[in-house]
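J.: Below is the structure I would like to discuss, written out as structure tokens.
The values are calculated or read from the model by the stated rules, or taken from the named source; none is laboratory data. Here the structure is a predicted model, which is why all the values come from computation and not from measurement. Neighbour counts run over all protein chains shown; Cβ positions are idealised from the backbone, glycine included. Accessible surface is based on the protein model in full, side chains and every heavy atom, while ligands, DNA and RNA are left aside. Shrake-Rupley method; radii C 1.70, N 1.55, O 1.52, S 1.80 Å.
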Amino acid sequence: MTFTNLDPGTYVLRIKASNSNGVWNKDSAAALRVLVLPPFWRTWWFYTLCILSIVFTGSSAYLLRTKRLRAQSQALARLVDERTRDLLAENMERKRAEQELLRYKEGLEQQVSERTAELRETNEQLRESEERFRALYEDTPTMYFTVDPSGTVLSVNQFGAAQLGYVPEELVGKPVLQVFAEEDRPAATHQLSECVAHPEHVYHWELPKVHRDGHLMWVKETARAVPNRHGSLVVLIVCEDITGRKHLEDQLRQAQKMEAIGKLAGGVAHDFNNLLTVI
């Protein structure tokens, strides 16, 4: 018999009966002692086992958590140590780099200082060279022309322009043929073309130039085509005034012509005298 709704404990079952006449027994009824045992989950040993299980589980969890925390702490300590070593190494490397950079900066500043001094000296030498060249180009008693392959005047010195009755600004940018007589321009064009076609050769020619007032000035020109700083060819022309020499040559030719005429006249007179003698 199972009693699921009874609390655990000892119970006494007393039996009382009556006959058919309805008479109950007055004596003590039969009694039956019944012991109701509790279910196992309500026993003391189950409670003890549960408590021990809870304590064991809690202790195990605590120990496991402690172990994990200790491992994490150790890993974190190792990580901190490694990072510290890395930071120290980076710091040392940074210091070495800064020292190298400082030495490089000092060396660079020294090089810049030396280079600046060299450039200053070079610029001074260049300025002196330009002054000497300017004095040589502008003040020398020789005409200098620089023209491009088409014959346009790129530059002319002060003396050269003055010899023709101009200032340099009146000739620069103008065709160089304007200072030649009309009949001499084809010859001047041919000479310039030859210079441009054969830049390795030096050419010489003699042609008269026309002064601003119209009189002719004979010049001996020496020319050569050279590349400028941009690689384009320009023709450098040096002009020497030979008008006096041309006049002397004309006078010499005239004298030689007169001498020849005199010799011819003398020979004719001699032959005429001989003829008269015979007659």
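J.: Considering only the range 163-177, state which residues are surrounded by 14 or more Cβ atoms within 10 Å (Cβ to Cβ) and of a type outside the set (Val, Ile, Thr).
T.: Result: 163, 164, 165, 166, 168, 170, 171, 174, 175, 177.
J.: Which one of these is within 30 Å of residue 14 (Cβ to Cβ) and open to solvent by 60 Å² or more (accessible area, probe 1.4 Å): 33, 65, 78?
T.: When all the criteria are applied, what remains is 33.
Listed here are the residues, each with its yes/no results for (1) basic (Lys, Arg); (2) without any contact (Cβ under 8 Å) to a residue 12 or more places away in the chain; (3) on the phi < 0 side of the Ramachandran plot; (4) in contact with an Asp or Glu (Cβ under 6 Å, 6 or more places away or on another chain).
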| residue | (1), (2), (3), (4) |
| --- | --- |
| 130 | no, yes, yes, no |
| 141 | no, no, yes, no |
| 144 | no, no, yes, no |
| 166 | no, no, yes, no |
| 196 | no, no, yes, no |
| 200 | no, yes, yes, no |
| 205 | no, no, yes, yes |
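J.: For residue 145, all conditions in the list (1) exposed (fewer than 15 other Cβ atoms within 10 Å of the Cβ); (2) under 16 Å from residue 226 (Cβ atoms); (3) not basic (Lys, Arg) hold save one; what is the number of the exception?
T.: Evaluating residue 145 over (1) exposed (fewer than 15 other Cβ atoms within 10 Å of the Cβ); (2) under 16 Å from residue 226 (Cβ atoms); (3) not basic (Lys, Arg) leaves (1) as the failure.
J.: Which of the residues that make up the range 229-255 are assigned to a helix (DSSP H, G or I) and open to solvent by 60 Å² or more (accessible area, probe 1.4 Å)?
T.: If the condition is that a residue be assigned to a helix (DSSP H, G or I) and open to solvent by 60 Å² or more (accessible area, probe 1.4 Å), then 245, 247, 248, 250, 251, 252, 253, 254 are the ones that fit.
J.: Here is a further query. Please tell me if residue 205 is aromatic (Phe, Trp, Tyr), more than 28 Å from residue 132 (Cα to Cα), open to solvent by less than 70 Å² (accessible area, probe 1.4 Å) and touching a strand residue (DSSP E or B) at 6+ places or on another chain (Cβ under 6 Å).
T.: yes
J.: Please specify each residue of the range 142-156 satisfying the condition of being touching a helix residue (DSSP H, G or I) at 6+ places or on another chain (Cβ under 8 Å) and either closer than 19 Å to residue 215 by Cβ or at pLDDT 90 or above (or both).
T.: 143, 144, 145, 147, 149, 151, 152, 153, 155, 156
J.: Filtering the range 211-246 down to residues that are of a type in the set (Gly, Ala, Ser) and farther than 17 Å from residue 188 by Cβ, which residue is farthest from the chain's Cα centre (by Cα)?
T.: Going through the qualifying residues, I end up with 244.
J.: Name the one entry in 95, 26, 16, 67 that is modelled with pLDDT under 75, out of contact with any strand residue (DSSP E or B) (no Cβ under 8 Å at 6 or more places or on another chain) and of a type in the set (D, E, K, R).
T.: Answer to the selection: 26.
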